[in-house]
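Colleague: Dropping a structure here in structure tokens format, bear with me for questions.
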Amino acid sequence: MSLRSWRRHIPGRFPRAELVAVGVAVAVLAQHGTSAGAIALAVSCIGMAAAAAIDATTRRLPNAIVGLVAATELAAFQIATQMNHEWAHWWRALEAAGIAGALMLTVYVLTRGGLGEGDVKFAPVVWLPLGWLGWSSAFAGYLVAAVVATAMAVVMSVRRRRWRGVTIPFGPALALGAIITIVADLHWPPGGVR
């Protein structure tokens, strides 16, 4: 197969997405250093970005993708924990992931499917790295995700010229909220409990 035929088969969005993922990873490492924990954060951001891109394109978060990102995160943070004996970070990350999953499941049940099942499964993946950073980062990630979701809904409503019945894929808002929080090292309240 010639190079020209390869170019026809690779959509332009994939190389752009890979460049964005590399840029995010570099930004995470620039903010948090090059420790094993920082590398795990960068790996998490790449995984979240990939899952969010799939959700934005297909409006689905396939179990295989969410499972792969979750397994990669768990392995990366477990390695960081073992290398640096950061057990407090590890247990807090697991707690944050569990709380996020429970809250999203509660919202899913109470709204009778107002969220997608993929969003319920994706929430723990998003909050694991935020929990690693601290409770104030986990809360900041939630706030940023809410702002991103609201902005997405407003933009979608304006584009469709209607305000009722507009739905958005929530996975990208969750992921973007977490990535922004990690890259900018946001905390709420500022200087809050780590």
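The values are calculated or read from the model by the stated rules, or taken from the named source; none is laboratory data. No experiment lies behind these values; they were computed from the predicted model shown. Positions of Cβ are generated from backbone atoms using ideal geometry, with glycine treated the same way; all protein chains shown enter the neighbour counts.
Colleague: Among the listed residues V66, V22, identify the single one that is touching a Gly at 6+ places or on another chain (Cβ under 7 Å) and of a type in the set (V, I, T).
Modeller: V66 is the lone residue from the list that is touching a Gly at 6+ places or on another chain (Cβ under 7 Å) and of a type in the set (V, I, T).
Colleague: Is it the case that some residue within segment 150-173 is of a type in the set (G, A, S), surrounded by 20 or more Cβ atoms within 10 Å (Cβ to Cβ), under 24 Å from T57 (Cα atoms) and modelled with pLDDT of 95 or more?
Modeller: no
Colleague: While we're here: Would you say A53 is of a type in the set (A, V, I, L, M, F, W, C), more than 24 Å from H187 (Cα to Cα) and loosely packed, with under 14 Cβ neighbours inside 10 Å?
Modeller: When the stated conditions are applied, A53 does not pass them.
Colleague: While we're here: Only residues that are surrounded by 24 or more Cβ atoms within 10 Å (Cβ to Cβ) and more than 18 Å from F77 (Cα to Cα): list them for segment 92-141, please.
Modeller: Residues satisfying the conditions are A140, G141.
Colleague: Which residues, counting only those in segment 18-71, are of a type in the set (S, T, Y) and either more than 26 Å from G116 (Cα to Cα) or at pLDDT below 95 (or both)?
Modeller: T34, S35, T57, T58
Colleague: Inside segment 52-91, can you point out the residues that are touching a residue at least 40 places away in the same chain (Cβ under 8 Å) and either in contact with a Leu (Cβ under 6 Å, 6 or more places away or on another chain) or in a loop (DSSP other than H, G, I, E, B) (or both)?
Modeller: Passing the criteria: D55, R59, R60, L61, P62, E73, E86.
Colleague: Related question: May I ask you to list the residues in segment 25-51 that are over 12 Å from the mean Cα position of the chain (by Cα), within 17 Å of V126 (Cα to Cα) and in contact (Cβ under 8 Å) with a residue 12 or more places away in the chain?
Modeller: Matches in segment 25-51: A25, V28, G37, I39, A40.
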